[in-house]
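Novice: First the structure, which I've put down as structure tokens, then a few questions once you've had a look.
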Amino acid sequence: MRIVTGMKTLGLSAALLGSTVLGATLVAPAISQTAAEEPIVIQQPLGAPISFADLIEQVSPAVVSVNVVSETEVTVPQGMEEFFEFFRNRPGFEDYFNEPDGEDDEPQTRESRSLGSGFFISADGLIVTNNHVIRDATEIEVVLEDGRELEAELVGTDERTDLAVLKVIEPGTYPFVEFETDTDLRRGDWVVALGNPFGFGGTATAGIVSADGRQLTGGGAYTDFIQIDASINRGNSGGPTFDLQGRVIGVNTAIISPTGGSVGIGFAIPAELAIEITDQLIEKGKVERGWLGVSIQNFSEEMAAALGRDGETGALVAQVVQDSPAQKAGFLRNDIILKIDGKAMEDSTQVTRTVGGLLAGSSHDFLILRGGKEMTLNVTIDVLPDNVTDLPTTDGSSTPETAPSDDAGSSELLGMTLSPLDQADRRRLGLDGSVKGLSVDNVESGSPAGRLGLAAGTAILEVNFQPIGSAEEFQTLVDDAIAAGRESILISVRFNNQTSVVPLSIEED
């Protein structure tokens, strides 16, 4: 082991460090040029343990392996119909390839088994794990460190945060650990992960906090993950990550890996969120979130600058759900949520989580920006429905409806070739026949539009929330922005039946 001091680098044997304890001062043997030189004093880095053994010995009895039996429906993969038909009536393959006969038969299922991890959070046998570990489970068994195999039942689960709570059926007093929320985690803090990777129960790994506040694609809007570099693999899901005091700072839930094995990028659900969710699951068996009834996107500082609102942040309303609390309160498309009950909103994620934490039936003030003016809407929050993605949305907008332009021809603006939308464009983009806009026919590489990633086939419907139907209207709004000293505009872009708002630079190269 090489120990670097302020004076020189010494190649000391690891044996010299074997009895060192946390925070101790090491005195190296006198390795000197002359006998008169004093021994070199080496200070161990604060908080750097020589061994995690005491910590692991303390917390490991509370960590369990979770073995799950589930039933999955047998379906024929797309493109494999002929393969399945060939084997369907072959001797020995009936259980794998045959489908039930008759419309009244139950769908055929197959038993599958999976492994995960979990940990006790109470002496009476409550266990935290991941939702995806026990999803569709028909049998749940937990294996304790001493080898006991205990049947467990599901207390509650929350798919949106991927958390679940179990309870062992056998009465008893069980070792448990507690969540930690008081310590402010920093990048570089030591962490230890325990779990059941690939069925190897009781596995411990150590590392550091690589980052916090991570958002993952598919991870939902309710979780900012802790990124850790402690090795976690398949089977670690639902296991705990500890700080050096033996407190749970996160629930391991995901890895990024091209091979399925650990590459040092793992993610844990923060303890603060885990406490909030598990408390509700224990009390109610489910999580009831507040619901506003809007689809939103980030309103960034760059977007704010395009509207002359430097430094402001929040969430832009892209759609309003019909008969939702938002519609009843008067929300419109393109409203910008700046504050909720006086608290400034940083982005759409904070808005989603703030609303999700509000009680159904309670009333709250939303400060919004509409048409350049601030106004307050009072909203009575409802319970988030399970089928929220299937609910119809309104076409409500903060800009007046206008008829489509009949202008013909194309124009060159900001590196784009633009022409008015025709009915074929509207059908292709899923737009109503009365919607104005410009079709992007070509984008010059290296232009502001090209750097933004716009492509042919996109439509631009609005500039700074003003509908446009001609290149002249587009140019007028650009000129107004330049005259106001702004460096960008906001454009409402339509592509693949989705509309989003993005800032587009109008600076001259």
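The values are calculated or read from the model by the stated rules, or taken from the named source; none is laboratory data. All figures in this text were calculated on a predicted structure; none of them were measured in a lab. Using ideal geometry, Cβ is built from the backbone for each residue, glycine included, and neighbour counts are taken over all protein chains shown.
Novice: Hey, any hits in the range 219-226 for a residue that's within 25 Å of S51 (Cα to Cα) and in the same structural domain as G125 (by TED's automatic domain parsing)?
Specialist: Checking the range 219-226: at least one residue is within 25 Å of S51 (Cα to Cα) and in the same structural domain as G125 (by TED's automatic domain parsing).
Novice: Could you tell me which numbered condition P175 fails, if it satisfies all but one of (1) within 22 Å of E272 (Cα to Cα); (2) under 28 Å from the mean Cα position of the chain (by Cα)?
Specialist: (2)
Yes/no matrix, rows are residues, columns are (1) of a type outside the set (F, W, Y); (2) within 33 Å of the chain's Cα centre (by Cα); (3) assigned to a strand (DSSP E or B):
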| site | (1), (2), (3) |
| --- | --- |
| E412 | yes, no, yes |
| T417 | yes, no, yes |
| A424 | yes, no, no |
| R428 | yes, yes, no |
| G433 | yes, no, no |
| S439 | yes, no, yes |
| G450 | yes, yes, no |
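Novice: Also, quick follow-up: Within the range 357-377, track down each residue that is surrounded by fewer than 19 Cβ atoms within 10 Å (Cβ to Cβ) and under 21 Å from the mean Cα position of the chain (by Cα).
Specialist: Scanning the range 357-377 gives a single hit, G357.
Novice: Anything in the range 241-271 that is within 19 Å of the chain's Cα centre (by Cα), among the aliphatic types (A, V, I, L, M) and not in a strand (DSSP E or B)? List them, or say none.
Specialist: Correct list: I256, I265, A271.
Novice: Could I ask something else about it? For the range 140-166, name all the residues that are surrounded by 15 or more Cβ atoms within 10 Å (Cβ to Cβ) and among the charged types (D, E, K, R).
Specialist: E141, E145, D158, R160, D162
Here's the yes/no breakdown for (1) outside any strand (DSSP E or B); (2) in the same structural domain as Q215 (by TED's automatic domain parsing); (3) farther than 22 Å from F465 by Cβ:
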position: K328; (1), (2), (3): yes, no, yes
position: E346; (1), (2), (3): yes, no, no
position: V355; (1), (2), (3): yes, no, yes
position: A360; (1), (2), (3): yes, no, yes
position: D365; (1), (2), (3): no, no, yes
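Novice: Still on this model: Filter the range 228-252 down to the residues that are aliphatic (A, V, I, L, M) and either buried (at least 24 other Cβ atoms within 10 Å of the Cβ) or within 14 Å of E178 (Cβ to Cβ) (or both) and list them by number.
Specialist: I228, A230, I232, V248, I249, V251
Novice: Restricting attention to the range 140-161, and to residues there that are touching a Gly at 6+ places or on another chain (Cβ under 8 Å) and part of a loop (DSSP other than H, G, I, E, B), which single residue is modelled with the highest pLDDT?
Specialist: E145
Novice: So which residues in the range 467-499 are among the acidic types (D, E) and within 37 Å of the chain's Cα centre (by Cα), if there are any at all?
Specialist: Listed by number, the list holds a single entry, E487.
Novice: Tally the residues that are modelled with pLDDT of 90 or more and either in contact with a helix residue (DSSP H, G or I) (Cβ under 6 Å, 6 or more places away or on another chain) or under 18 Å from Q319 (Cα atoms) (or both), restricting the search to the range 267-294.
Specialist: The number of residues fulfilling the criteria is 4.
Novice: Looking at N497, N464, can you tell me which residue is surrounded by fewer than 20 Cβ atoms within 10 Å (Cβ to Cβ), of a type outside the set (D, E), in contact (Cβ under 8 Å) with a residue 60 or more places away in the chain and outside the structural domain of D335 (by TED's automatic domain parsing)?
Specialist: Testing whether each residue is surrounded by fewer than 20 Cβ atoms within 10 Å (Cβ to Cβ), of a type outside the set (D, E), in contact (Cβ under 8 Å) with a residue 60 or more places away in the chain and outside the structural domain of D335 (by TED's automatic domain parsing) leaves just N497.
Novice: To continue, here is another question. Name the residue that is modelled with the lowest pLDDT, counting only residues in the range 207-225 that are more than 22 Å from P258 (Cβ to Cβ) and part of a strand (DSSP E or B).
Specialist: Among them, the one singled out is G213.
Novice: Exactly one condition in (1) buried (at least 18 other Cβ atoms within 10 Å of the Cβ); (2) farther than 30 Å from I121 by Cβ; (3) not assigned by TED's automatic domain parsing to the domain that holds A344 is not met by L281; state its number.
Specialist: L281 satisfies every listed condition except (2).
Novice: Is the range 471-493 home to any residue that is assigned to a strand (DSSP E or B), surrounded by 20 or more Cβ atoms within 10 Å (Cβ to Cβ) and without any contact (Cβ under 8 Å) to a residue 24 or more places away in the chain?
Specialist: Looking through the range 471-493, none of the residues is assigned to a strand (DSSP E or B), surrounded by 20 or more Cβ atoms within 10 Å (Cβ to Cβ) and without any contact (Cβ under 8 Å) to a residue 24 or more places away in the chain.
Novice: Taking the range 186-204 only, how many residues are out of contact with any Gly (no Cβ under 9 Å at 6 or more places or on another chain) and not small (G, A, S)?
Specialist: 2
Novice: Among all residue pairs at least 6 apart or on different chains, which show Cβ distances below 6 Å where the first residue, located in the range 306-324, is within 18 Å of A484 (Cα to Cα) and the second is aliphatic (A, V, I, L, M)?
Specialist: Short answer, once both residue conditions are applied: A306/I489; A306/L490; E312/A304.
Novice: Let me ask something else. Any idea how many residues of the range 130-189 are closer than 28 Å to W291 by Cβ, in contact with a Ser or Thr (Cβ under 8 Å, 6 or more places away or on another chain) and free of Cβ contacts under 8 Å to residues at least 40 places away in the same chain?
Specialist: Adding up the residues that qualify gives 1.
Novice: Next question, about the same structure. Quick test for you: out of A271, A326, pick the one residue that is crowded, with 18+ Cβ neighbours inside 10 Å and within 26 Å of G156 (Cβ to Cβ).
Specialist: Exactly one residue qualifies, and that residue is A271.
Novice: Picking from F84, F93, which residue would you name as being modelled with pLDDT under 85 and surrounded by 14 or more Cβ atoms within 10 Å (Cβ to Cβ)?
Specialist: F84
Novice: Just give me the residues in the range 272-314 being among the aliphatic types (A, V, I, L, M) and part of a strand (DSSP E or B), in sequence order.
Specialist: Answer for the range 272-314, where residues must be among the aliphatic types (A, V, I, L, M) and part of a strand (DSSP E or B): V294, I296.
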